[in-house]
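As structure tokens, the structure follows; a few thoughts come after it.
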Amino acid sequence: MPFLSLLDDRAKPKGSRDPLGFELVWTHFGRKVVGNLTTITSSVENFTVALLGFYWAHQIHGNADKDSRERLIRETFLRYEQLAAYLRHQSGSKEIMGITRVHKNMTAQAESLAISLKAQILSNQASYGLWGLYSSALKDSGLAEGSDRKLTAEGMELAETIARDLNSNEFIQLFRVDGQLSRDECERLAPQFWQAIRKEVVRQKLTHVLLRGHQNQNASVQEGLFAATEKLVRAGKLTGEFSQNLNHVQNAGSPDLQKCLDEIQRVERVLVAANNVFYYLLTQDHQPVSSVVEQIESQTYDYEHLPETLPQGMTRRNALCEINDNLRAGNHWGAVKAVTKLNADVMKARGGAPWVTCDGDILNVKVKSETAVLRSRQALLEDWDYDYFLGSYFRIAKANLEERNG
């Protein structure tokens, strides 16, 4: 399975994350294929809930003065998200962001549930909930716009379809201001809300919009990805395996898509190999570099799978070419020097200190790891450390296209 980064795709790491600066690398190649989703926006249910919340929040505060409108809309949405979470939990949803706190509150003995800015269901609900993490994908899918998350005409049409059979005023009064949701209200309203956010016509339309993407400079490639994915669904070949899905899509896709996916496969092998060396160094504080190199070489790695060259125009190309060339040549001394130099350059650009340096022949590790181990030869061939937004894409496709075509 791929590693799913918790960073928003637009975030530029400033501190202790992404020590080799690889987020900009995999994001660059991922955005050539999937222009709208992020690594964590994989739930159509969450997209639907967010659309309805933006719709209702704008109904309430859309005419507020410019200075306070966005704040009022955001605060109202956060209360709505809490209400929606409790109603969804009542109906058995497993896709709630903040489900740990929601479950704790739902199983407590209190007669009612707080709906307020002080009763957030995440440590920072605005950042880590639907407002912060799903809005960029909605914007890049052409369904919302602006910092206040105003819906576009297409987004409005979907939201109106969701809300059509609900008594909007009855729901809005529960989150317009801070208040309480009684257990009786939760049980009574949950089935209505659950049915509204799971309307088949909305799910099909939203799935289509999300997978086809929006009109951007790489729209034709994502259209090709969508066409290839639909073929796989009809043939029953869309599996739960990330790399297998990637290979199937590449074989069924257009030449442009095949080229983009080939670049991704080539680049990922280099990133995995570089991470293997770097993170092992973090376990070797005060050890001689010569001893560390001997340990790496004892794995008898074969780097013939690494590409002869890397695509032009990519971030950190020179540094990655140096790492790649040293590994292909079996020069682990050179690879160690190259990865530590890259780490130093990345951290310097952020105003921070490198994680590991070489004092003569001795490693000085500032950010230690007790869990990293050298990977097997097979793992270097098969592991995926980053998913290029394709993980979310495949999960949405598998959960929604298969059922629709089944």
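The values are calculated or read from the model by the stated rules, or taken from the named source; none is laboratory data. For clarity, every value in this text was computed on a predicted model and none was experimentally measured. Here Cβ is always computed from backbone atoms with ideal geometry, including for glycine, and neighbour counts include all displayed protein chains. The accessibility values were calculated without ligands, DNA or RNA, using every heavy atom of the protein model including side chains. Shrake-Rupley method; radii C 1.70, N 1.55, O 1.52, S 1.80 Å.
Computed values, structure above
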read-out	value
Ordering of 107-116, 255-264 by burial proxy (mean other Cβ atoms within 10 Å per residue, highest first)	255-264, 107-116
J(HN,Hα) series, the range 172-185, from Karplus relation 6.51 cos²θ - 1.76 cosθ + 1.60, nearest Hz, glycine and proline x	4, 5, 7, 9, 4, 9, 4, x, 10, 10, 6, 4, 5, 5
Placed amide H near Lys150: partners under 5 Å, 5+ positions off or other chain	Glu145
Calculated from backbone phi, Karplus (6.51, -1.76, 1.60) coupling profile of the range 344-354 in Hz, x at Gly/Pro	5, 5, 5, 5, 4, 5, 8, x, x, 9, x
Helix axis angle, 317-328 relative to the chain longest principal axis, alpha carbon, degrees	50 degrees
Solvent-accessible heavy-atom area per residue, rounded to whole Å², over the range 33-124 at 1.4 Å	41 Å²
Theoretical ellipticity at 222 nm over the chain - DSSP helices of four or more residues, -39500 (n - 2.57) apiece, nearest 500	-17000 deg cm²/dmol
Built amide H within the under 5 Å cut-off of Gln180, gap 5+	Ile115
The range 33-187, relative contact order in percent, only Cα pairs under 8 angstrom and at least six apart counted	35 percent
Shape call, the range 220-271: gyration tensor on alpha carbons, a/c limit 1.5	oblate
In range of the label at Ala114: residues from the range 154-181 whose backbone nitrogen is under 19 Å from the point 7 Å along Cα→Cβ	174-181
Cα-centre dipole for the chain with unit charges at Cβ (Lys and Arg positive, Asp and Glu negative), debye to 20	580 debye
Residue-count net charge about Pro354 - beta-carbon cut-off 14 Å; Lys, Arg +1, Asp, Glu -1	+2
Nearest-ten-degree value, helix 200-212 long axis tilted from longest Cα axis of the chain	30 degrees
Dipole magnitude of the range 204-318 about its Cα centre (Cβ charges: Lys, Arg +1; Asp, Glu -1), debye to nearest 20	720 debye
Among the listed pairs Lys118/Lys368; Lys66/Lys118; Lys32/Lys231; Lys104/Lys139, those beyond 29 Å (Cα-Cα)	Lys118/Lys368; Lys104/Lys139
Long-range amide H partners of Leu363 with built H, under 5 Å	His286, Gln287, Val289
The range 24-122: relative contact order in percent, alpha carbon pairs under 8 Å with at least 6 residues between	24 percent
Folded to 0 to 90 degrees: helix 153-163 orientation relative to the chain principal axis, Cα	60 degrees
For the range 257-356: rounded, prolate or oblate by the Cα gyration tensor [a/c cutoff 1.5]	oblate
Dipole-positive endmost among Gln299, Gln287, Cys260 within the range 232-349 (Cβ charges, Cα centre)	Cys260
Qualifying GluC sites (Glu not before Pro) in the range 272-374, DSSP loop, other Cβ atoms within 10 Å at most 14	Glu304, Glu308, Glu370
Rounded percent of accessible protein surface that carbon and sulfur make up, the chain, 1.4 Å probe	47 percent
